[in-house]
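Asks: Sharing a structure with you now.
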Amino acid sequence: MNQLILTPSADLLPAPLFAPTPKAAQRFVEFFTAQIENDHTRKAYLNATRRFAAWCQAHALAELTQVQPFHVAAFIKDLRGEFSPPTVKQHLAAIRMLFDWLVTGHVLDVNPAHAVRGPKYVVTKGKTPVLTAEEARTLLDSIGAPEDGLTPGEDPPTLKDLRDRALIGVMVYTFARVNAVIGMKVKDYFTQGKRGWVRLHEKGGKEHEVPCHHTLEKLLDEYIARAGIAGDPDGPLFRTTGRKAGQAQAMWQQDAYRMIQRRAAAAGIATRIGNHTFRATGITAYLKNKGLLEHAQTTRQPRLAEDDEALRSAER
């Protein structure tokens with residue numbers, strides 16, 4: 001029975017500390033499968049609990065019931081000399097949430113991490129690099145000239161050029177998170193009335209339908225036409241290139257990050273940018289044009305006419 005419980009994934013096998021009984025092992029697996037949706041969070045929390053289990057083993061704590069609040073506090077104190085405050089706080093959150101889950105599942109009587117306090121960490125200034133509207137335009141213009149704007153002797157943009165330019169354009173003009181953009185299907189770009197729209201699936205199951213800036217419409221239309229993917233509505237919109245024939249592969253977040261670094265370097269942009277830069281850039285441009293922060297962060301449909309006009313103004 002215990003073997004069946006642990007078969008969801010070898011990555012979810014609990015350390016012996018968290019599997020004193022089949023019930024405890026099952027509860028551990030349920031925490032990481034039923035309670036945590038985000039893959040990045042799951043991986044980080046798994047690493048945190050494994051690090052704690054290894055620490056307990058090194059300090060002769062072989063039984064889960066032996067763990068006391070002062071043990072958790074000592075573990076957190078040791079982490080402070082090795083990791084940054086946000087990473088230490090994440091470790092404590094992972095341990096605390098897992099113990100809570102074990103308590104509600106009647107594996108433990110009390111949560112030994114409940115009263116332990118993590119390090120204080122106050123963010124006084126945002127760390128996400130932001131491009132100016134001019135830099136964002138320079139970056140987009142550097143990735144191949146438009147088909148109708150070629151000068152004699154100039155090479156037309158490649159499929160990869162058109163894909164990268166469209167992907168960056170979606171992030172700039174919609175304020176979308178990178179995972180929402182690379183998760184788009186072909187059918188998530190559609191026409192409503194006389195205007196192009198994009199459908200974004202954001203965190204927490206939220207779905208936003210955003211009208212496109214006229215420049216974004218052009219970027220997406222050129223890319224989709226060259227890629228020949230209009231007839232594949234359920235396929236990924238932004239897909240990898242240069243692979244063998246077969247099922248289309250959506251780009252990964254790491255793919256987008258490497259692409260952005262290459263494109264920024266080629267455009268001569270010194271600012272070290274990443275996947276979240278374009279969301280921050282779009283919101284910053286919006287705010288500079290007297291938009292409201294709560295509107296920029298949600299980009300809900302009733303506010304989109306204002307968002308679009310702010311981006312037009314920033315572009316001018």
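The values are calculated or read from the model by the stated rules, or taken from the named source; none is laboratory data. What you see is a predicted model, and the numbers here were worked out from it, not measured in a lab. Note that we place each Cβ from the backbone using ideal geometry, even for glycine, and neighbour counts take in every protein chain shown. All accessible areas refer to the heavy atoms of the entire protein, side chains included, with ligands and DNA or RNA removed. Shrake-Rupley method; radii C 1.70, N 1.55, O 1.52, S 1.80 Å.
Asks: Quick check, is Ala225 more than 17 Å from Ser142 (Cβ to Cβ), touching a Gly at 6+ places or on another chain (Cβ under 6 Å) and either at pLDDT below 95 or not polar (S, T, N, Q) (or both)?
Replies: On the way: more than 17 Å from Ser142 (Cβ to Cβ): yes; touching a Gly at 6+ places or on another chain (Cβ under 6 Å): no; either at pLDDT below 95 or not polar (S, T, N, Q) (or both): yes.
Considered against the rule, which asks whether it is more than 17 Å from Ser142 (Cβ to Cβ), touching a Gly at 6+ places or on another chain (Cβ under 6 Å) and either at pLDDT below 95 or not polar (S, T, N, Q) (or both), Ala225 comes out as no.
Asks: Can you work out which of the residues in segment 28-55 that are closer than 19 Å to Val88 by Cα and among the hydroxyl-bearing types (Ser, Thr, Tyr) is most open to solvent (accessible area, probe 1.4 Å)?
Replies: If we take residues in segment 28-55 being closer than 19 Å to Val88 by Cα and among the hydroxyl-bearing types (Ser, Thr, Tyr), then Thr41 is most open to solvent (accessible area, probe 1.4 Å).
Asks: A further question follows. Restricting to segment 155-173, name every residue that is open to solvent by less than 10 Å² (accessible area, probe 1.4 Å) and either under 20 Å from Pro233 (Cβ atoms) or among the aromatic types (Phe, Trp, Tyr) (or both).
Replies: Leu162, Ala166, Leu167, Val170
Asks: Of the conditions (1) under 30 Å from Asn179 (Cα atoms); (2) out of contact with any Phe, Trp or Tyr (no Cβ under 8 Å at 6 or more places or on another chain); (3) hydrophobic (A, V, I, L, M, F, W, C), Ala74 clears all except one; give me its number.
Replies: Unmet for Ala74, out of (1) under 30 Å from Asn179 (Cα atoms); (2) out of contact with any Phe, Trp or Tyr (no Cβ under 8 Å at 6 or more places or on another chain); (3) hydrophobic (A, V, I, L, M, F, W, C): (1).
Asks: When you go through (1) modelled with pLDDT under 90; (2) farther than 18 Å from Leu159 by Cα; (3) outside any helix (DSSP H, G or I); (4) open to solvent by 20 Å² or more (accessible area, probe 1.4 Å) one by one for Ile273, which number turns out not to apply?
Replies: (4)
Asks: Right, here's the next one. Given (1) without any contact (Cβ under 8 Å) to a residue 24 or more places away in the chain; (2) of a type outside the set (Phe, Trp, Tyr); (3) open to solvent by less than 70 Å² (accessible area, probe 1.4 Å); (4) over 22 Å from Lys23 (Cβ atoms), where does Val88 come up short, assuming only one miss?
Replies: Only one criterion is unmet by Val88, namely (1).
Asks: On to the next question. How about segment 91-104: which of its residues are open to solvent by 10 Å² or more (accessible area, probe 1.4 Å) and of a type in the set (Gly, Ala, Ser)?
Replies: The one that is open to solvent by 10 Å² or more (accessible area, probe 1.4 Å) and of a type in the set (Gly, Ala, Ser): Ala93.
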